[in-house]
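Beneath this line is the structure, given in structure tokens, with notes to follow.
Values quoted throughout were computed directly from the atomic coordinates according to the rules given, and no laboratory measurement underlies them. This is a predicted model, so every value here is computed, not measured. No Cβ is skipped: glycine too gets one built from the backbone with ideal geometry, and neighbour counts run over all protein chains shown.
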Amino acid sequence: MSDQPLSGFRIGVTAARRAEEQIALLERRGASVVHAPALSVDPNRIDEPALLAATKHVLDQPVDIFVATTGIGLKSWFGAAERWGLLDELTEHLGGAEILARGPKSVGALRRFGLRELWSPESEEFDDVLAHLRGRDLTGLRIVVQEHGQSLSMAAHALRRLGAEVTTVAVYRVEGADDPEPMFGLIEDIAGRRVDAVTFTAAPAIAAMMQAAGTTGHRDEVVSAFQADVIAACVGPVTAAAFEMWGVPSIYPERSRLAAMVKQLEVELPSRAGGTSLDVAGHTLLLHGDAVLLDGAEVKLSPAPYAVLQALLVNPGTVVSRRDLLTALPSGTAGSEHAVEMAVARLRAALGTRCIQTVVKRGYRLAVAP
């Protein structure tokens, strides 16, 4: 099996945080990557005066239930509290509450600061946290909800209708990318089916991309592309849920991790793409888009031999004349039949001499199995 299973595939990456790590994972597996951040490189832009005021409000009265939604949000909040000299007071105050955590990252952040969650949904979805709370008598209880980059005012209102006193703490607000041009370019690539997959590691990135697609008039085309040809790959179910309102199918791994998402693409993309596979002179020749693999190993071809191979693949095993191959060569390389001979020689050097057969006075053919 090839150690570059994504060779020949073009994948869009919308992440801003940890983008280099994700791009490296994909490129090591042979993918061509288009990086178009949907969000700011530093989405955790904190309004410190507002956060300080919210923190003091939380500390004013005992908290019955504390809902932690993101690890990075907790770290940012507690980091700010430490700068203000309020960290010990805040963690002690919240430690007296029943703590609910949305997922493993918020659990990890809580434990880092000496706090323990009482419950966390397996789904890692905030809706399941709300469902857990809706099944209880909340009358008179004070609930503090740490927001996760987007407003949870509607969720807070729903809890208030059940009798709770709810305080939301907006640690940060997710903002769009500083330079929207790469995203506009990716949107055009998606609409034109020029990428095979696009990865998403945060639900706000999906919202930002769809908003950008709307401003450029490509939203319907983007949705259609995702519904048909382009894979929407998400890091986990929370991110994937953001596609539901658009009717876009998505894939995500069982474990919400970058490596697991990339591993899933290794399986999903080749299985969907299929490609052209031939038995040529005892070897397996596979074409995925622009990639050529021989027995699972990628073969690098310059434009002229690649053009010859494409011409021979139109009807595998059929003889193609030198004149027709000359016509197929890229402009600038096709001067005479000698150019064809040179291109065939390079193709044989790359694939093996037995893969391309010479038919005297007629031309060349692929040595496909009968």
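With +1 assigned to the C-beta of every Lys and Arg and -1 to the C-beta of every Asp and Glu, and no other charges, what is the dipole magnitude of region 276-366 about the Cα centre in debye, to the nearest 20? Can you show the working numbers first?
Details: 9 positive and 7 negative charges, 71 e Å.
For region 276-366, the charge dipole is close to 340 debye.
Name the long-range amide H neighbours of Val292: under 5 Å, sequence gap of 5 or more, or other chain; modelled H, no Pro or chain starts.
For Val292, the qualifying residues are Val299.
For a Förster distance of 25 Å, can you work out the FRET efficiency between the beta-carbons of Ser321 and Thr353, rounded to the nearest 0.05? Working shown, then result.
Numbers: r = 20 Å, r/R0 = 0.81.
Efficiency, rounded to the nearest 0.05: 0.75.
Quote the FRET efficiency, to the nearest 0.05, computed for Arg161 versus Glu341 with a Förster distance R0 of 56 Å and r equal to the Cβ-Cβ distance. Walk me through the numbers on the way to the answer.
Working: r = 80 Å, r/R0 = 1.43.
Efficiency, from the Cβ-Cβ distance: 0.10.
Could you list Ser40, Ser120, Ser106 in order of exposure, starting from the residue whose Cβ has the fewest other Cβ atoms within 10 Å?
Numbers: Ser40 17, Ser120 20, Ser106 26.
If I rank by nearby Cβ atoms, fewest first, I get Ser40, Ser120, Ser106.
Quick query: amide H of Glu98 versus all other amide H atoms, modeled in the peptide plane; which residues come in under 5 Å with a sequence gap of 5 or more or a different chain?
Under 5 Å from the amide H of Glu98: Ile65, Phe66.
What is the chain's relative contact order, in percent, from Cα pairs under 8 angstrom and six or more apart in sequence? Walk me through the numbers on the way to the answer.
On the way: 673 pairs, mean separation 57.9, N = 370.
That works out to 16 percent.
Run through the DSSP bridge list for the chain and note the antiparallel percent, rounded to the nearest 5. Kindly include the intermediate steps, with their values, before the conclusion.
Numbers: 19 of 45 bridges.
So the antiparallel bridges amount to about 40 percent of the total.
Using helices alone, what [θ] at 222 nm do you get for the chain, with -39,500 (n - 2.57) per DSSP H run of 4 or more residues, divided over all residues and rounded to the nearest 500? It would help to have the intermediate numbers written out before the result.
Working: 15 runs with 159 residues, N = 370.
So the helix-based figure for the chain works out to -13000 deg cm²/dmol.
Quick one: net charge of Ile23's neighbours, Cβ under 14 Å, K/R +1, D/E -1?
Around Ile23, the surrounding residues sum to +2.
When the Cα centres of region 26-40 and region 217-232 are compared, how far apart do they sit, in Å?
18
Residue by residue through region 255-269, what is 3J(HN,Hα) from phi via Karplus (6.51 cos²θ - 1.76 cosθ + 1.60, θ = phi - 60°)? Round to whole Hz and write x for glycine and proline.
Taking θ as phi minus 60°, the curve returns 9, 6, 9, 4, 4, 5, 5, 5, 4, 5, 5, 4, 8, 5, 5 Hz for region 255-269.
Return the ratio Rg/(2.2 N^0.38 Å) for region 218-370, where Rg is computed over Cα atoms only. Present the calculation step by step, with values, prior to reporting the outcome.
Details: Rg = 20.6 Å, N = 153, 2.2 N^0.38 = 14.9 Å.
So region 218-370 has a normalised radius of gyration of 1.38.
Using 0.36 nm per residue of separation minus the Cα-Cα distance, give me the extension gain between Arg193 and Lys263 in nm, one decimal. Don't jump to the answer; show the numbers that get you there.
Working: separation 70, 0.36 × 70 = 25.20 nm, distance 2.22 nm.
Fully extending the segment from Arg193 to Lys263 adds 23.0 nm.
Which aspartates and glutamates, if any, have their Cα less than 16 Å from the Cα of Lys300, not counting same-chain residues under 8 positions apart?
Asp3, Glu27, Asp290
Which lysines, on any chain, are close to Lys56 with Cα under 23 Å apart, when same-chain ones fewer than 8 places away are left out?
Once the sequence-local lysines are set aside, what remains near Lys56 is Lys75.
Enumerate the whole-percent occupancy of each 20 Å bin, from 0 to the last occupied one, for all C-alpha pair distances of the chain.
25, 41, 22, 11, 1
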